[in-house]
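Reading through the structure tokens given below for one structure.
The values are calculated or read from the model by the stated rules, or taken from the named source; none is laboratory data. Quantities reported herein were computed from a predicted structural model and do not represent experimental measurements. Backbone-built Cβ (ideal geometry, glycine too); neighbour counts: all protein chains shown.
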Amino acid sequence: MFSHNPFAELSASVSPGVMQAYVVVMAALVAGGTLFDIIHKKSARYFFDNWRDSNSKAKQRVGSGEMMSIAVQTAVVDVMASGEFCNMRRRIAHLLTMYGFVIYVVTTVIMVFCYPTLATPAPNAVVALWYIGALMVCLGGYWFWFFIRVDVAAEGNSPFRFERADLFVVTLVLGTTFGLIWAWLQAAGNTVWATLFLVLYLIDTTVLFVSIPWSKFSHMFFKPAAALEKRVSKANGSAQNLPTLTRDDPEQQKRHSMELLRNAPMHMGLGIKREAPRHY
């Protein structure tokens, strides 16, 4: 199964040109949806306003060398390693989903444009990576959905409650699931069921990309910029306009409203990190 190219098999009934046009349209929806999201939510204006405000309140100048170092740290730690997640389970689930999606999309494009027919067989490694990428998305996505995400039942809501914030992860996971089932049924020669899951696969994939302005899809573009701004604001001393005093600073301890807590241990209050609550 891991050597079966489902798109090449599909070319017997659907022209490769049609498949390639569909991929181009989806790519255009990503670009257009992200641009609309930026304009509608004014994300770019917010970012640049914060950047200018941070520079105007900077206590020290960040040189080009330090800026390059910060950019590399942002790319490696915050983006590639998902360093923002303190919870290791959530970080692993996010990394599985993120890298799985990248592998899945890249190999889809390669197979559809470079090896679209049975006359142009794709390398086994490329086909296998398509399956591996889709499985990684499923593993990370289902792990997050059923074991890590907000425990809605603890808040008196149905565990099957679906909100707009869930649209991205649900369509992403279901899309890869439908794709894997379609490929498996196609390889098994079950034409009727394979056609059904192909339709579901296409519908879900279309919803995934059409719904970008209303889902969290664009966060993959916004988060790196926000992480970079956060690191730069710490480096130049503006700290995103947040107080720079910490609890180990005598002046900060004097400001505490409860006298008993002025000399409290520095680790006090971190119980939420020791015992994961069910409602987070």
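Quick look at the values:
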read-out: Close pairs from the range 73-94: first assigned by TED's automatic domain parsing to the domain that holds Val137 and of a type outside the set (Gly, Ala, Ser), partner part of a helix (DSSP H, G or I) and surrounded by fewer than 14 Cβ atoms within 10 Å (Cβ to Cβ), Cβ under 8 Å, at least 6 apart; value: Cys86/Lys273; Arg89/Phe147
read-out: Residue that is in contact (Cβ under 8 Å) with a residue 40 or more places away in the chain and within 20 Å of the chain's Cα centre (by Cα), where the choices are Leu174, Leu198, Leu228; value: Leu228
read-out: Top-ranked residue in the range 32-81 [being farther than 24 Å from Ile103 by Cα and acidic (Asp, Glu); ranked as surrounded by the most Cβ atoms within 10 Å (Cβ to Cβ)]; value: Asp37
read-out: Candidate set: the range 111-125, residues that are crowded, with 17+ Cβ neighbours inside 10 Å and among the hydrophobic types (A, V, I, L, M, F, W, C); chosen: the one farthest from Arg90 (Cα to Cα); value: Ala122
read-out: Residues satisfying the stated conditions in the range 183-195, i.e. in contact (Cβ under 8 Å) with a residue 24 or more places away in the chain and either outside the structural domain of Lys41 (by TED's automatic domain parsing) or surrounded by fewer than 18 Cβ atoms within 10 Å (Cβ to Cβ) (or both); value: Trp184, Ala187
read-out: Residue within the range 142-153 that is β-branched (Val, Ile, Thr) and either under 19 Å from Thr205 (Cβ atoms) or assigned to a helix (DSSP H, G or I) (or both) present; value: yes
read-out: Residue match in the range 90-113 (condition: modelled with pLDDT under 90 and within 18 Å of the chain's Cα centre (by Cα)); value: yes
read-out: Boolean, Phe209 is crowded, with 17+ Cβ neighbours inside 10 Å and in a loop (DSSP other than H, G, I, E, B); value: no
